[in-house]
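J.: Provided herewith is a single structure, encoded as C-alpha cells, for subsequent inquiry.
The values are calculated or read from the model by the stated rules, or taken from the named source; none is laboratory data. Note that the structure is a prediction, hence the values are computed from the model and not measured. Every residue, glycine as well, gets a Cβ built from its backbone with ideal geometry; the counts of neighbours run over all protein chains shown. Just the protein is used for accessible areas: all its heavy atoms, side chains included, with ligands, DNA and RNA removed. Shrake-Rupley method; radii C 1.70, N 1.55, O 1.52, S 1.80 Å.
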Amino acid sequence: MSLGANGIGLVAVGALLVAAATVHLAFLATRRLTRPTDRTHAAEHRRFARNAIAPSAVSVMHRVLFAVFTLVVLQIIGPEGNGQYAFAMNLFLYFTIIVDFGLGTLLTRDVARDAASLERIFRTTLALRVRLLGVSMPAMVGIALIYWAAGAIDVTALLATAVLALSLPVEAVNQAFAAVYGAWERMDRRALVAAGTAALTAGLGLLLLAAGMGVVGVALAGVISAGFTLIAIGRPVGFGLLRRSIRVPPEQMRGLGQAALPLMLNSLLATAFIQIDILILQALQSTEIVGHYNAAFRFLSFLNILPSTVVLAAFPLMARASADPAELARWFTRAWRILATAAGAAVLLLFVFAEPVVETLLGSEYLPQTATALAILIWFLPLSYLNGTLQYVVIASDRQWRLTPVFLVATLINVGLNLALVPIWGFVAAAATTIGSEVVLLAGLGWILRRDRLLGRVLEPGARPALAAGVAAVVAVLLRDLSWIGAALAAMAAYVVVLAVIGGLRLAAIRDSLRLS
C-alpha cells in the first residue's frame, strides 16, 4: 500500500505517539499500587467519584485519540479492508472472553470482599487461563481457516486473525492484573495504562500503515502494544504473583472454574448476541458489507467507555452492599442516572445527524450504508447501558447463573432472526435484530430482579433524558438546513437546558459528590 506524501506525515505522527506512549507507560510501571484500607462511608464515596470521573476523563482523551486513529485507518483501508479487520477482531473478541472465562470479574469481586485472598485467587485464575489458551489459540485460527476454505474471507483476513491469536497469552495476563486494579478500586490507574496502550497502538499502527502493511499491520500494532501494557499494568502490582502461579492444586482450579463458568458463558453470550451478526454477514453477504456495518458499530464502541468506567467503579461497592438491598439500589440508581443522561445525548446526535457525521468523518465512500446502519444501531445504546448495569447488580448479588439462560435465549433469538432476515434485508436486518435482542435481554433481567425493587428505579433516571432528547431533536430537525455542526451544537444546548429545567441533571447530587471527592 503506497500512501505517497501522506506517508511522511503518518511516520512523523506515529513516531511521536510511540515515543510519548513508551515514556508514559514506563513511568506508570514504576508507580507502586496498593489496596485501599480506609473503609469509611466518606472514603468509599471519594473512591467511587475518583473511579467514575477520573477514568472517564482520561478515557475521553485516549478515546478521542484512538477515534482519530480509527478514522485514518478506515479512510486508508476502505470498507473492504475494514471488513477484513472486523472479521479478525470479531473472532479475537470471542476468544479473549473464553480465555478470561469470567475470572477477572470473579477476582475483582472476591478480592474486594477479602483482600487476603488475592494471591490464591490470582494464582488459580492464571493457571486456568494457561489451560484455556492451549485450546483457544488453535481454535481461533481453525475457524478462520474454515471461512477461508469456503471462500468467505481472503488471505489478508486469515493472516490478521493469526496475528491477533498470537496476542491471546499476553492479553490473558493483562486481564488478570487489570482485575486486581478493579478489586483495589484503582480504575483511574488502569485508565492511564489504557490511554498509553491506545497511544502506542495508534502510533505503531500509523508506522506500519506507512510501511505498506495494511490490515495485517494494524493487527500487529495491537500485538506489540499488549506486550508494553503487560509491563505497565503488571509491575505496579508485582510480577511475583506470576512466579507464584505455577503450581495450583486441581481442586482449586475446579472450584474456581465452576464459579466462573456462568460469568464466561454470560459474557460470551452477551457478546455473541450483539456481534454474531458479523460472522453471519460475512458468510451470507460480503466483506464490504461487513466493513460498512462494523464502521457504524465503531461509533458505539467509542461510546462504551462510559459504562466500562461508571459501572466498574460501582461494582466493588455493589458487591459489598449485596446484603443490603437499599444500599445496592442506591448504587445502581447512581450509575444508571449518569449513563441514561449520556445515552440521551448520543441518540440525539447520531440518529438525527448520522449521514453528515459519516460523510465528514469517514468520507463518501462509506455512504449510504454506514450512515443507515448507524441511525438504526444508535437506539441500541441506552438499552445496552441499562442492561450492562443490571447485569452487574445480578453478579454482585451472586446470582450469575440466572443470567445464563437469559443470555442463551437472547442469543438464540438473535441468531435465528439474523439467519432468517439477513438474506432478505442485509445489514438493516442485522442492526434491527441487535436492538430487539437487547429488549429480550432487558425482559430477562427484569424477571431475575423482579423482587429487588430495582426496576422501579429505572424509569425516573431515564425518563428525563428521553424527554429532553425529544425536545432537542425537534430543534435539530428545524435547523437541519444549516450547517450540521451548528445544528448539532444547538440541539445539544437545548438538551442540556431542558434537562436542567426538568431536574434531570441533579446539580445538588453532583455538588455533593464533588465535596466527597
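J.: Return the residue satisfying two criteria in turn: it lies in region 385-408 and is hydroxyl-bearing (Ser, Thr, Tyr) and within 16 Å of the chain's Cα centre (by Cα), and of such residues it is farthest from Arg320 (Cα to Cα).
T.: It comes out as Tyr385.
J.: So Leu284 ticks every box in (1) within 30 Å of Leu350 (Cβ to Cβ); (2) crowded, with 19+ Cβ neighbours inside 10 Å; (3) not acidic (Asp, Glu) but one. Which box is left unticked?
T.: That leaves (2) as the condition not met.
J.: Name the residue, out of Ala49, Ala54, Ala67, Ala115, that is modelled with pLDDT under 90, open to solvent by less than 50 Å² (accessible area, probe 1.4 Å) and more than 23 Å from the chain's Cα centre (by Cα). First the steps, then the outcome.
T.: Values: Ala49 fails: more than 23 Å from the chain's Cα centre (by Cα); Ala54 fails: more than 23 Å from the chain's Cα centre (by Cα); Ala67 fails: more than 23 Å from the chain's Cα centre (by Cα).
Within the list Ala49, Ala54, Ala67, Ala115, the selection yields Ala115.
J.: Here's another thing I want to ask about it. Tell me yes or no: at least one residue of region 174-188 is of a type in the set (Asp, Glu) and open to solvent by less than 50 Å² (accessible area, probe 1.4 Å).
T.: yes
J.: Applying the selection to region 441-490, what residues are of a type outside the set (D, E, K, R), without any contact (Cβ under 8 Å) to a residue 60 or more places away in the chain and within 26 Å of Ala272 (Cβ to Cβ)?
T.: Leu442, Ala443, Gly444, Leu445, Gly446, Trp447, Ile448, Leu449, Leu455
J.: Okay, moving on. So Ala86 clears everything in (1) without any contact (Cβ under 8 Å) to a residue 24 or more places away in the chain; (2) closer than 22 Å to Asn294 by Cα; (3) assigned to a helix (DSSP H, G or I) except one condition, right? Which one?
T.: Evaluating Ala86 over (1) without any contact (Cβ under 8 Å) to a residue 24 or more places away in the chain; (2) closer than 22 Å to Asn294 by Cα; (3) assigned to a helix (DSSP H, G or I) leaves (1) as the failure.
J.: Does Val64 count as farther than 13 Å from Leu256 by Cβ, touching a residue at least 24 places away in the same chain (Cβ under 8 Å) and either assigned to a helix (DSSP H, G or I) or not aliphatic (A, V, I, L, M) (or both)?
T.: no
J.: Show me the helices (runs of 4 or more DSSP H) entirely contained within region 108-212 in which 3 or more residues are of a type in the set (S, T, N, Q). Give the derivation first.
T.: Values: elements: 118-149, 155-166, 168-183, 187-210.
Of the helices (runs of 4 or more DSSP H) lying wholly inside region 108-212, those with at least 3 residues that are of a type in the set (S, T, N, Q) span 118-149.
J.: Go through (1) surrounded by fewer than 16 Cβ atoms within 10 Å (Cβ to Cβ); (2) at pLDDT 90 or above and name the single condition Ala468 misses.
T.: So Ala468 meets the others, but not (1).
J.: Kindly provide the set of residues from region 351-364 that are more than 17 Å from Ala488 (Cβ to Cβ) and at pLDDT 90 or above, ordered by number.
T.: First, the residues of region 351-364 that are more than 17 Å from Ala488 (Cβ to Cβ): 363-364.
Listed by number, the list is empty, since nothing qualifies.
J.: If you don't mind, another one. Give Arg480, Arg457, Arg453 a once-over and let me know the one that is among the charged types (D, E, K, R) and part of a helix (DSSP H, G or I).
T.: Just one listed residue meets the conditions, Arg457.
J.: In addition: Please specify each residue of region 85-94 satisfying the condition of being over 15 Å from the mean Cα position of the chain (by Cα) and open to solvent by 20 Å² or more (accessible area, probe 1.4 Å).
T.: Result: Tyr85, single match.
J.: Checking the condition of a type in the set (Phe, Trp, Tyr), closer than 30 Å to Asp110 by Cα and open to solvent by less than 40 Å² (accessible area, probe 1.4 Å), which residue from Phe427, Phe407, Phe380 passes? Don't jump to the end; show me each part of the working.
T.: Numbers: Phe427 fails: closer than 30 Å to Asp110 by Cα; Phe380 fails: closer than 30 Å to Asp110 by Cα.
Just one listed residue meets the conditions, Phe407.
Results for (1) open to solvent by less than 10 Å² (accessible area, probe 1.4 Å); (2) of a type outside the set (Asp, Glu); (3) in contact with a helix residue (DSSP H, G or I) (Cβ under 7 Å, 6 or more places away or on another chain); (4) under 20 Å from Val415 (Cβ atoms), shown as yes or no for each residue.
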residue	(1), (2), (3), (4)
Leu209	yes, yes, yes, no
Val216	no, yes, yes, no
Ile224	no, yes, yes, no
Thr229	no, yes, yes, no
Val248	no, yes, yes, no
Leu265	no, yes, yes, yes
Ile274	no, yes, yes, yes
Asn294	no, yes, yes, yes
Phe302	no, yes, yes, no
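J.: Of the numbered conditions (1) in contact (Cβ under 8 Å) with a residue 60 or more places away in the chain; (2) open to solvent by 70 Å² or more (accessible area, probe 1.4 Å); (3) under 30 Å from Arg453 (Cα atoms); (4) more than 22 Å from the chain's Cα centre (by Cα), Leu419 satisfies every one except a single condition; which is it?
T.: Leu419 satisfies every listed condition except (3).
J.: Mind checking which pairs have a first residue in region 228-243 that is in a loop (DSSP other than H, G, I, E, B) and a second that is among the aromatic types (Phe, Trp, Tyr) and buried (at least 20 other Cβ atoms within 10 Å of the Cβ), Cβ under 6 Å, 6 or more apart or different chains?
T.: Val237/Phe177
J.: Restricting to region 311-331, give me the number of residues that are open to solvent by less than 10 Å² (accessible area, probe 1.4 Å) and more than 17 Å from Thr108 (Cβ to Cβ).
T.: 1
J.: What residue, of Ser308, Ser245, is at pLDDT below 80 and touching a Lys or Arg at 6+ places or on another chain (Cβ under 7 Å)?
T.: Residue meeting the stated conditions: Ser245.
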